[in-house]
Structures are given as C-alpha cells and as structure tokens.
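Each reported figure results from applying straightforward, stated rules to the coordinates on display, with no laboratory input. Everything quoted here is computed from the prediction, not taken from an experiment. Backbone-built Cβ (ideal geometry, glycine too); neighbour counts: all protein chains shown.
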Amino acid sequence: MYTFLLVGIGGFIDSILRYTLSGWIQNNFVNFPVGTLVVNVSSSFLLGLIMYLSEYQGFFGEETRIFLTIGLIGGYTTLSTFSYKSFRLLDDSKLTLMVINLMATVLFSMFAVYLRKIVALNFGTYMLRELDEKGISGYIIVNIHWRI
C-alpha cells in the first residue's frame, strides 16, 4: 500500500510539472511541439540518471527509486521508460531487439493514433445519425457537449 502511495504522489506532482513546463515552453512556438520534446528528452535523461545511479552506484534505495522513476518521471512521461529500455537493449548488445522495439513502438503508436481517429469519427457520425433519427438535433448535442 505504501508503494502505491509513493507512485501516486509522484505521479500527481510530475503530471502537474509536465503540464506547466510543456505549456510554458510551448507558448513561444506554434508549429513544432517543442514543449513535448523538452519534456520527453529531459525525462529520458532523468530516468537514465536515476536508474544508473540506483543500479550501478547503489545511490537510491528501492522505495526512493520507485518514487522517483515510476511516480515522478512516470507521471512526467512514459517516453523516458521507452528510451531507457531501448538504450539498455543497446547497452546489452541486443541491437536487433532495440531496433525492433524502436520501430514497433513508433509505428504501432502512430497506427494507434490513426485508429483512434477512425473510431472517434465513426462513433461521432453514428451517434449524430442515431440522434437525428430520434428527432434530436446534432446542434443541440454539440451545444450540450461544450457546456459540460
């Protein structure tokens, strides 16, 4: 139970930090997601630093490591975990697995975004059609949605 609390508190803190930092940085850029890039790169650096200090130097105990990595940095971004695990594959001379991990993660993630778009558009179209058949205007539904 204590570990769940550590992870939850860490996630709460870093989710707010990610939102604030990313938004603050992004305000100066319009066309490129610099805020997200900075958050992803900085979290990858921090996760790698903490894990290597923990694994090779014994610098952090298990509870502190869990709080910092799963809680804080996990709430900051999951790209850091992806980056760390990919680098560990490279570090362990598993180049083929690293390339598969990189390619699969990027391609499947892009496909998931595309699939989410298709599902959302079809669901929205279906719902509006159903509501129109029942005599409820789509305009009313959109207005209700925006007020909520």
Subject >> Listed residue (19, 86, 121) projecting farthest to the positive dipole end of the chain, Cβ model >> reply: 121
**OP:** Mind checking segment 7-115 for chymotrypsin sites (Phe, Trp or Tyr not before Pro) that DSSP puts in a loop (not H, G, I, E or B) and that have at most 13 other Cβ atoms within 10 Å?
**Re:** 29, 59
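So for the chain, averaging the separation of alpha carbon pairs under 8 Å that are six or more residues apart and normalising by length, what relative contact order in percent results?
Worked out over the chain, it gives 25 percent.
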**OP:** Kindly point out which whole DSSP H helices in the chain project their C-alpha atoms 15 angstrom or further along the helix axis while averaging a Kyte-Doolittle hydropathy of -0.5 or above.
**Re:** 2-26, 34-57, 79-91, 95-133
Subject >> Charge dipole (the chain, unit charges on Cβ, about Cα centre) - positive-most of 111, 38, 2 >> reply: 111
Original post:
Once fully extended, how much extra length lies between residue 102 and residue 87, figured as 0.36 nm per residue of separation less the alpha-carbon to alpha-carbon distance?
Top reply: 4.4 nm
Subject >> About the Cα centre, charge dipole magnitude for the chain (Lys/Arg +1, Asp/Glu -1 at Cβ), debye >> reply: 320
Original post:
How about residue 85: which lysines have a C-alpha closer than 23 Å to its C-alpha, ignoring those fewer than 8 places off in the same chain?
Top reply: 94
**OP:** State the label only: which of (i) 39, 21, 16; (ii) 23, 18, 17; (iii) 45, 17, 10 corresponds to semi-axes √(5λ) of the Cα gyration tensor in Å computed from the shown model?
**Re:** (i)
